[in-house]
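For reference, the structure discussed in these notes is given below.
What follows is calculated from the coordinates using simple rules that are stated; it is not laboratory data. What you are looking at is a predicted structure, and each value in this text was computed from that prediction instead of being measured. Using ideal geometry, Cβ is built from the backbone for each residue, glycine included, and neighbour counts are taken over all protein chains shown.
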Amino acid sequence: MAEKRDYYEVLEVSKDANEDELKKSFRSLARKYHPDKNPDDSDAEHLFKEVQEAYAVLSNPEQRRQYDMFGHDSPSGSPFGPGGFQGVNINLDDLFGGGFESVFSGIFGGGRSSRGRRGNDVMLRHSITLENVFDEAEIEISAKLSTSCESCDGTGAQTPEDLQRCSTCGGQGRIMQQVRVGPFVQQMVSDCPDCSGVGNTIRKRCTTCRGTGSARREQNLRITIPRGAEDGLRLRHRGKGEPIANGQSGDLYIQLDLEPHAWFERDGPDLIMALPLGYPEMMLGTQVELPHIDGKSLVIEVPAGAKPSETLLVPGRGMPHRRGRGRGDVTILLKLHVPDKFNKSMRSTLEAMRPSFGLPISDIEDAVRREAQDRRN
Ligand SMILES: [Zn+2]
Ligand SMILES: [Zn+2]
């Protein structure tokens, strides 16, 4: 058998490491070598056990003093008794807080916490318009949702007498088990196999819900849509999800699906739209008025000599900022509207315009050059 490594070496700390240093090092090494993170790795498993054993000894002042004096050859034998290291009762919650549970859950039992049963979460999707999210709005939606069965009060039993406390778990829904994990013995809490964690057994099932304890019912929900809500935002309604017998109902999520606006595209708080204008409007300038999401009309001043693909900005008339005050802007992209068909009189009007507004073909090379220059600037 390989020689037992020095505990300080195992924990990668110096001989005079204090309690905090020990704990810190143990924590990081235990995470590193944890079987969940190293499946089917016997080296990691060995190191994991070594780390736990070393910490068990060094974190105990009396055992540490003995170890410091005699090393592994303590005259009083192994600190763990004649059988050697059998397991260690490390209070992981003290050591790591709640966050460590997920890492250790695989080995110490998924049900270590006794948080209890919880119903499923439910998600509803709700379509809204840009106008709906312009201000904070309270709206009512109705949906078919699971709720507790009214006939049996969610118990699933025909009468209260038909509900019997589970004898296996004494109505707790959970049982404690001693589980051996490698050399360690851990207490593990798990759902009672006889009542599936409900805590009761049912003699005669409720005929309305057939024992499930829940019923689907049309329900009205008041929801508050936050100002400036973005597409896909999920609003959570705690405890409004699926109920579960002898447990906590799940949560209800309402996902907001923003319907596309007739002409606006949204970019965070900013709105973008294209505005088609005829040639005379571009040349001479004009004023355009459109209904707007804020209830007041949006007045767009197009200056004389405007050009297609130029943009105009109407500041402060976009969507409200999600946080803080103020609103985004409206950006307007100008497009040249060209009629699909020309009649005779339109054609002659255009021909008449050619000398004054047309670009003479003789100047085309200069024009192309200028265009390229403008693009570069
Ligand atoms: Zn039970
Ligand atoms: Zn029922």
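Assorted remarks:
- Listed cross-link partners K296/K335; K307/K344; K144/K240 are compared with a 20 Å cut-off, the Cα-Cα value being larger for K296/K335; K307/K344.
- Kirkwood hydrodynamic radius (C-alpha pairs) into Stokes-Einstein, region 210-259, 37 °C and 0.692 mPa s, D in µm²/s: 257
- GNM top mover of L350, L333, L313 - the chain, alpha-carbon springs below 10 Å: L350
- Rounded to the nearest angstrom and listed largest first, the equivalent-ellipsoid semi-axes of region 265-376 from its Cα gyration tensor are 35, 19, 10.
- Length added when fully stretched, T224-E62, from 0.36 nm per residue minus Cα-Cα: 52.3 nm
- G156 long-range amide H proximity, modeled H, under 5 Å: G213
- The magnitude of the dipole of region 243-376, with charges of +1 and -1 set on the Cβ of Lys/Arg and Asp/Glu and taken from the Cα centre, is near 160 debye.
- Farthest toward positive dipole pole in the chain [+1 Lys/Arg, -1 Asp/Glu at C-beta], among H292, Y279, P320: H292
- Exposed chymotrypsin sites (Phe, Trp or Tyr not before Pro) absent - longest run of the chain, DSSP non-H/G/I/E/B, at most 16 other C-beta within 10 Å: 81-262
- Distance histogram in 10 Å bins (all Cα pairs of the chain, percent per bin): 4, 14, 14, 12, 13, 13, 11, 8, 6, 3, 1, 0
- Charge-dipole axis of the chain as Lys and Arg at +1 and Asp and Glu at -1 on Cβ define it, positive-most pick from G171, Y33, L58: G171
- Taking the C-alpha atoms of region 179-310, convex hull volume expressed per residue in Å³: 227
- Degrees, to the nearest 10: 364-376 long Cα axis against longest axis of the chain: 30
- Neighbourhood net charge (14 Å Cβ-Cβ; Lys/Arg +1, Asp/Glu -1) for H72: -4
- Cα centroid separation, region 118-147 to region 314-377: 43 Å.
- Within a Gaussian network of the chain (alpha carbon springs, distance under 10 Å), most fluctuating of P308, P360, P193: P360
- Euclidean distance of C-alpha centroids, region 153-223 and region 246-294, integer Å: 49
- Hull volume in cubic angstrom per residue (convex hull over the Cα atoms of region 120-191): 206
- With eigenvalues of the C-alpha gyration tensor scaled by 5 and rooted, region 122-258, Å: 39, 23, 9
- Taking other residues whose beta carbon is less than 13 angstrom from the beta carbon of N38, and scoring Lys, Arg as +1 and Asp, Glu as -1, yields -1.
- Here the dipole of the chain is about 1060 debye; that uses its Cα centre as origin and unit charges on the Cβ of Lys and Arg (positive) and Asp and Glu (negative).
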